[in-house]
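Handing you this structure, nothing more for now.
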Amino acid sequence: MKKRLLHLRVNGEPREVAVEDNKTLLEVLREDLGLAGTKHGCETGECGLCTVLLDGTPVLACLMLGADAEGTDVRTIEGVSDRGRLRPLQSAFAELGATQCGYCSPAMILTAEALLKNNPRPTRQEIREALSGVLCRCTGYSKIIDAVQAVVRAEKL
């Protein structure tokens with residue numbers, strides 16, 4: 001299979017990687033760049049577990065070709081912490097028990113981060129709607145929504 005050189009920023013760092021034209025962004029991130037925080041789920045765009053931020057917007061990495069990410073800024077869960085320190089969303093998820101198996105947590109955190117960037121004071125319903133594209137089989141979503149709301153409340157103080 002023919003490869004092309006892909007240039008992008010991943011978690012704030014310029015990256016260059018040779019990728020096959022048919023490889024998804026999910027495969028590029030996990031297999032070529034070693035970023036396993038982005039999860040394989042359904043690979044059909046139904047579960048949302050592969051969500052990453054592309055230029056600040058949540059996208060499903062399983063539905064996007066890696067080559068289509070040329071020149072973009074990709075943020076994965078590995079790029080969320082601040083020099084090894086947990087960011088407020090990560091801390092809230094941990095403190096409030098919003099992670100059980102943790103498989104959906106990377107996508108939930110990235111999606112919530114994008115929501116809060118665009119809407120710093122979302123209602124519980126707006127949080128629920130924003131996270132609705134990421135499936136969780138463990139928590140029932142209440143603790144996840146509580147964690148996002150805790151960050152919103154803390155930012156108001």
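The values are calculated or read from the model by the stated rules, or taken from the named source; none is laboratory data. Nothing here was measured: the structure is a model prediction, and the numbers come from that model. Quick reminder, even Gly has a Cβ in these numbers, built from the backbone with ideal geometry, and neighbours come from all protein chains shown.
Specify which of the listed residues (E43, E31) is surrounded by fewer than 20 Cβ atoms within 10 Å (Cβ to Cβ), of a type in the set (D, E) and part of a loop (DSSP other than H, G, I, E, B). Outline the logic, then answer.
Working: E31 fails: part of a loop (DSSP other than H, G, I, E, B).
Going through E43, E31 in turn, just one is surrounded by fewer than 20 Cβ atoms within 10 Å (Cβ to Cβ), of a type in the set (D, E) and part of a loop (DSSP other than H, G, I, E, B): E43.
Quick check, is S91 under 13 Å from the mean Cα position of the chain (by Cα) and closer than 25 Å to G140 by Cα? Spell out how you get there, then give the answer.
Numbers: under 13 Å from the mean Cα position of the chain (by Cα): no; closer than 25 Å to G140 by Cα: yes.
When the stated conditions are applied, S91 does not pass them.
If you take the residues in the stretch 66-86 that are within 23 Å of Y141 (Cα to Cα) and without any contact (Cβ under 8 Å) to a residue 24 or more places away in the chain, which one is farthest from the chain's Cα centre (by Cα)?
L86
A follow-up question, please. Is it true that some residue in the stretch 105-113 is at pLDDT 95 or above, β-branched (V, I, T) and not assigned by TED's automatic domain parsing to the domain that holds L8? Can you show your working first?
Just the residues of the stretch 105-113 that are at pLDDT 95 or above, to begin with: 105-113.
The next check asks that each one be β-branched (V, I, T); those that pass are 109, 111.
Checking the rest, the ones that are also not assigned by TED's automatic domain parsing to the domain that holds L8 come to 109, 111.
Yes, because at least one residue in the stretch 105-113 is at pLDDT 95 or above, β-branched (V, I, T) and not assigned by TED's automatic domain parsing to the domain that holds L8.
Looking only at residues that are acidic (D, E) and part of a helix (DSSP H, G or I) in the stretch 46-78, which one is surrounded by the fewest Cβ atoms within 10 Å (Cβ to Cβ)? Steps first, answer last, please.
Keep residues of the stretch 46-78 that are acidic (D, E), which gives 46, 55, 68, 70, 73, 78.
Checking the rest, the ones that are also part of a helix (DSSP H, G or I) come to 68, 78.
Numbers: D68: 14, E78: 16.
Residue satisfying both the conditions and the ranking: D68.
Further question: Which pairs turn up if I take residues in the stretch 139-151 that are in the same structural domain as P122 (by TED's automatic domain parsing) and look for partners that are aromatic (F, W, Y) and in a helix (DSSP H, G or I) with beta carbon separation below 9 Å, at least 6 apart in sequence or on another chain?
Sorted first by the residue in the stretch 139-151, then by its partner, the pairs are K143/F93; I144/F93; A147/F93; V148/F93.
On to the next question. So how many residues does the stretch 42-59 have that are over 9 Å from the mean Cα position of the chain (by Cα), more than 18 Å from N118 (Cβ to Cβ) and not polar (S, T, N, Q)?
Looking only at that region, the number is 5.
Let me confirm something: among E13, E95, which residue is in the same structural domain as N118 (by TED's automatic domain parsing), surrounded by fewer than 19 Cβ atoms within 10 Å (Cβ to Cβ) and acidic (D, E)?
Values: E13 fails: in the same structural domain as N118 (by TED's automatic domain parsing).
Among E13, E95, only E95 is in the same structural domain as N118 (by TED's automatic domain parsing), surrounded by fewer than 19 Cβ atoms within 10 Å (Cβ to Cβ) and acidic (D, E).
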